[in-house]
Amino acid sequence: MAKISFFPVAAAPTLAEIAEWTGAKLGDDADAERVVRDVAPLDDAGTDDLSFFDNTRYLDAFRSTGAGAVFVAPRYATQAPKGCAILVTPQPYHAMAKTMARLYPQANKPRSAFGETGVSPAAFVHSAARLEPGVIVDPGAVIGPGAEVGAGALIGSNAVVGPGVRIGRDSVVGPQATIAFALIGDRVIIHPGVHIGQDGFGFAMGPRGHLKVPQIGRVIIQDDVEIGAGTTIDRGANRDTIIGEGTKIDNLVQIAHNVVIGRHCVLAAQVGISGSTAIGDFAALGGQAGLTGHIHVGAGAQIAAQSGIMRDLPPGTTWGGSPAVPMRQWLRQVATLRKMTAHEPSAD
């Protein structure tokens, strides 16, 4: 069966051109005029393919790869197989990302699923909404009164942009996403099924029932944020929920009301952050980590997958476990528990 590709290759660069794009240094034996026609994993690459080696788990695959060229860090440059050109760089993965952006420009961000170049006749844009030039609105999308959408933005099929919402320039709202009570910056990518600005989970508990607390805040999403499919971001209760510039959020993340996330943070899938928690710049949260409310995670802190965070975390520290403790302590706990529960070998 012929390979079906949804992203056509836009260029066939030489190794010299790739080196110029990325700042990588060509190996002494490399042919600078050799042409790269595609990219592939180390274990599946052919002589016309470019690959990269950035994880020692794949050292054997690197040593035996059939790739025509590989990005590699200096310490492993001598271990490339014969016939494989090397592009030496301290950051092979970054170099590969830069190259792929050139080869596959259509994969950089979502595009109109219907090839629209303007507002589809099957979309509904309220007469009081304002769209700058170059906005694309796919069939079934709804843009409410007073909403403003910046130049070059894309509103996907069946997405709903609520009244008064602001969406910045060159941003993307994926199919079936809903946005209300929110201000969205420039170059923000919102993947399908994201829900932004709905009520936070606010109730005044009582012995005779629970009284709903009106949620009157907003959601502020700064420039260059990316939000994965199915993520939910609640609006603030009496202040704003804020996502800082450059932060990257995976699929199926829950961010509660009044949460403040700093700049360039990374949140992996199924993270849950309770209300009024603050996370400092460049923090990283592993998949399924859960954070209780009203705590502060310091800048640069790292949280292991499935950790339960119940207290403030100092900047630059690494935590794991539930309830979470400093990483080394958690690893010692795991090792001790393993020893305590190990069974003696059977005499039989």
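Here is a list: Thr47, Thr89, Thr56. Which entry is among the hydroxyl-bearing types (Ser, Thr, Tyr), surrounded by fewer than 17 Cβ atoms within 10 Å (Cβ to Cβ) and closer than 18 Å to Thr14 by Cβ?
Values: Thr89 fails: surrounded by fewer than 17 Cβ atoms within 10 Å (Cβ to Cβ); Thr56 fails: closer than 18 Å to Thr14 by Cβ.
Among Thr47, Thr89, Thr56, only Thr47 is among the hydroxyl-bearing types (Ser, Thr, Tyr), surrounded by fewer than 17 Cβ atoms within 10 Å (Cβ to Cβ) and closer than 18 Å to Thr14 by Cβ.
Could you grab me the full set of residues in the range 59-80 that are closer than 21 Å to Thr14 by Cβ and either more than 29 Å from the chain's Cα centre (by Cα) or of a type in the set (Ser, Thr, Tyr) (or both)? Spell out how you get there, then give the answer.
In the first step, residues of the range 59-80 are kept if they are closer than 21 Å to Thr14 by Cβ; the result is 65-72, 77, 80.
Correct list: Thr65, Gly66, Gly68, Ala77, Ala80.
Within the range 187-210, can one find any residue that is more than 17 Å from the chain's Cα centre (by Cα), of a type in the set (A, V, I, L, M) and crowded, with 19+ Cβ neighbours inside 10 Å?
If we filter the range 187-210 for residues that are more than 17 Å from the chain's Cα centre (by Cα), which is where we start, we get 197-210.
Subset that is of a type in the set (A, V, I, L, M): 204-205.
Then keep just the ones that are crowded, with 19+ Cβ neighbours inside 10 Å; that gives none.
Among the residues of the range 187-210, not one is more than 17 Å from the chain's Cα centre (by Cα), of a type in the set (A, V, I, L, M) and crowded, with 19+ Cβ neighbours inside 10 Å, which makes the answer no.
List pairs: first residue in the range 152-177 and within 14 Å of Ile136 (Cα to Cα) and at pLDDT 95 or above, second residue surrounded by fewer than 24 Cβ atoms within 10 Å (Cβ to Cβ) and among the basic types (Lys, Arg) anywhere in the structure, Cβ distance under 6 angstrom, at least six positions apart or on different chains.
Gly152/Arg169; Asp170/Arg187; Val172/Lys109
Can you tell me how many residues in the range 10-30 are over 26 Å from the mean Cα position of the chain (by Cα) and within 23 Å of Pro90 (Cβ to Cβ)?
Number satisfying all stated conditions: 13.
Within the range 158-204, track down each residue that is closer than 17 Å to Gly246 by Cβ and in a loop (DSSP other than H, G, I, E, B).
So in the range 158-204, the residues closer than 17 Å to Gly246 by Cβ come out as 168-172, 183-191.
Gly168, Arg169, Asp170, Ser171, Gly185, Asp186, Arg187, Val188, His191 - these are the residues of the range 158-204 that are closer than 17 Å to Gly246 by Cβ and in a loop (DSSP other than H, G, I, E, B).
Given the residues Ile261, Ile233, Ile303, Ile243, which is the only one that is more than 24 Å from Arg187 (Cα to Cα), of a type in the set (Val, Ile, Thr) and without any contact (Cβ under 8 Å) to a residue 60 or more places away in the chain? Reasoning before the result, please.
Values: Ile261 fails: more than 24 Å from Arg187 (Cα to Cα); Ile233 fails: more than 24 Å from Arg187 (Cα to Cα); Ile243 fails: more than 24 Å from Arg187 (Cα to Cα).
Of the residues listed, the single one that is more than 24 Å from Arg187 (Cα to Cα), of a type in the set (Val, Ile, Thr) and without any contact (Cβ under 8 Å) to a residue 60 or more places away in the chain is Ile303.
Being in a loop (DSSP other than H, G, I, E, B) and open to solvent by 30 Å² or more (accessible area, probe 1.4 Å) is the requirement here; does Ala16 meet it? Don't jump to the end; show me each part of the working.
Values: in a loop (DSSP other than H, G, I, E, B): no; open to solvent by 30 Å² or more (accessible area, probe 1.4 Å): yes.
Criteria not met by Ala16.
Would a scan of the range 321-333 turn up a residue that is out of contact with any Phe, Trp or Tyr (no Cβ under 6 Å at 6 or more places or on another chain), in a loop (DSSP other than H, G, I, E, B), open to solvent by less than 50 Å² (accessible area, probe 1.4 Å) and of a type in the set (S, T, N, Q)?
The answer is no, given that none of the residues of the range 321-333 is out of contact with any Phe, Trp or Tyr (no Cβ under 6 Å at 6 or more places or on another chain), in a loop (DSSP other than H, G, I, E, B), open to solvent by less than 50 Å² (accessible area, probe 1.4 Å) and of a type in the set (S, T, N, Q).
The values are calculated or read from the model by the stated rules, or taken from the named source; none is laboratory data. Small disclaimer: the values here were computed from a predicted structure and weren't measured. Reconstructed Cβ throughout: ideal geometry from the backbone, glycine too, with neighbour counts over all protein chains shown. With ligands, DNA and RNA removed, areas are computed over all heavy atoms of the protein, side chains included. Shrake-Rupley method; radii C 1.70, N 1.55, O 1.52, S 1.80 Å.
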